[in-house]
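Asks: First the structure, then my questions, so here it is.
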Amino acid sequence: MSGPPSEMTTRKVVIIGSGPAGYTAAIYAARANLAPLMFTGVQAGGQLMLTTLVENFPGFVDGALGPDLMETMRKQAERFGTDMIAEDVTAVDFSKRPFVIRSESGTYEAETVIIATGASAKMLGLPGERELTGRGVSTCATCDGFFFKDQDIMVVGGGDSAMEEALYLARLGRKVDVVHRRDTLRASKIMVERAAKNSKINFILDTVVESITDPTAGKVTGVTLRNLKTGEVTARPVDGLFVAIGHEPNTALFRGQLDLLDNGYVKVTPGTTQTSIPGVFAAGDVADFTWRQAVTAAGTGCMAALEAERYLEATPLG
């Protein structure tokens, strides 16, 4: 990974965050001779670093491992001249141009900024959960559902996202159990009705997942459930556990600097990646709470770089 550039001059484009959106933005910006500087973060690559086989990203007939796909994108961005710093950004100042970005290694200035910090899936916090992510535990049915054809699947959650996941997985799996900690679902009435009408979907309410087996086997073989009203503990065999309790956008750094939506995601002008600050753009899951796919993140990364290029041409600094 590249280190801090030797000369701390004002950069035309600074990209905060990596993953499909950040790397794609870097590729486009670098090929436009904008010499982008990217803060990849200490944990580079985004959510795909937690997945195994990715089969729905165009161009890979046999699929690609998530970390390998991110490494390929990183190398492509570097090949065209992207400088990369493997640090987290600690503070930003978007109050005036050039914008100011601070990290552990120092203070940097930018004529434009592309935010690609993504979102993090909320997890259950159970032992072995992280180790089994990509090996039976998932947060994305459209990404991983294919691997559970004709198998027993469990979805944890009670909102619209959980119902959407369950309905999608019901097309593929043998049966789908939906586990929710309350006695009523939070999802909209129409989504609940759709799920209830599906013969493959079974609801287990007033219940939480207490443990996941079997981390030592390197795959999910079952879960332990506890009924919150009766205290009864039961073991249930499952092949896949899909956690659908929401996502948290990685936007804490930008509070007070940019307009955010009520759900915490960056607010952008519809059809663009433009934020409330001219010259600051947001791409990928940090601004997208609807699709959350690698290919859509890459698409908005492309948009952000092109918009940054046009903004620089129309609004030269000084």
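The values are calculated or read from the model by the stated rules, or taken from the named source; none is laboratory data. None of these values were measured; they are calculated from a predicted model. Note that we place each Cβ from the backbone using ideal geometry, even for glycine, and neighbour counts take in every protein chain shown. SASA here: full protein model, heavy atoms, side chains in, ligands and nucleic acids out. Shrake-Rupley method; radii C 1.70, N 1.55, O 1.52, S 1.80 Å.
Asks: Which cysteines in the chain lack any other cysteine whose Cβ sits under 4.7 Å from their own Cβ?
Replies: By the Cβ distance rule, which asks for a partner under 4.7 Å, the isolated cysteines are 302.
Asks: Shifting gears a bit: Please compute the modelled spin-label separation between residue 72 and residue 291, points set 7 Å along Cα→Cβ, answer in nm with one decimal.
Replies: My value for the distance between the label points is 2.0 nm.
Asks: Roughly speaking, what is the stretch gain from residue 229 to residue 65, that is 0.36 nm per residue apart minus the C-alpha to C-alpha distance, in nm to one decimal?
Replies: The span from residue 229 to residue 65 would gain 54.9 nm if fully extended.
Asks: Helix 294-314 sits at what angle to the longest principal axis of the chain, using alpha carbons and giving 0 to 90 degrees rounded to 10?
Replies: 20
Asks: A further question on this structure: Just the accessible area per residue of segment 144-293, please: how many Å² with a 1.4 Å probe?
Replies: Details: 7440 Å² over 150 residues.
The answer is 50 Å² per residue.
Asks: Separate question: What fraction of the DSSP beta bridges in the chain is antiparallel, stated in percent and rounded to the nearest 5?
Replies: On the way: 27 of 58 bridges.
Close to 45 percent.
Asks: Same structure, new question: Over the C-alpha atoms of segment 215-318, what are the Rg and the largest Cα-to-Cα span, Dmax, in Å?
Replies: That works out to 20.9, 69 Å for Rg and Dmax.
Asks: Counting only protein heavy atoms and a 1.4 Å probe, tell me what percentage of the chain's accessible area is made up of carbon and sulfur.
Replies: Numbers: 7570 of 15100 Å².
Whole-percent figure for carbon plus sulfur exposure: 50.
Asks: So if R0 is 45 Å, what FRET efficiency would residue 236 and residue 90 give, r being the distance between their Cβ atoms, rounded to the nearest 0.05? Write down the numbers at each step before the final one.
Replies: Numbers: r = 44 Å, r/R0 = 0.97.
Efficiency computed from Cβ-Cβ geometry: 0.55.
Asks: Roughly what % of Cα-Cα distances in the chain sit above 31 Å, to the whole percent?
Replies: Details: 18338 of 50403 pairs.
Looking at the chain, the distances longer than 31 Å represent 36 percent of pairs.
Asks: Still on this structure: In nm, what is the difference between 0.36 nm times the number of residues separating residue 314 and residue 183 and their Cα-Cα distance? Present the calculation step by step, with values, prior to reporting the outcome.
Replies: Values: separation 131, 0.36 × 131 = 47.16 nm, distance 5.62 nm.
Taking 0.36 nm per residue and subtracting the Cα distance, the gain is 41.5 nm.
Asks: What FRET efficiency comes out for the pair residue 55/residue 219, r = Cβ-Cβ distance, R0 = 22 Å, nearest 0.05? Walk me through the numbers before you get to the answer.
Replies: Details: r = 18 Å, r/R0 = 0.83.
According to the calculation, E is roughly 0.75.
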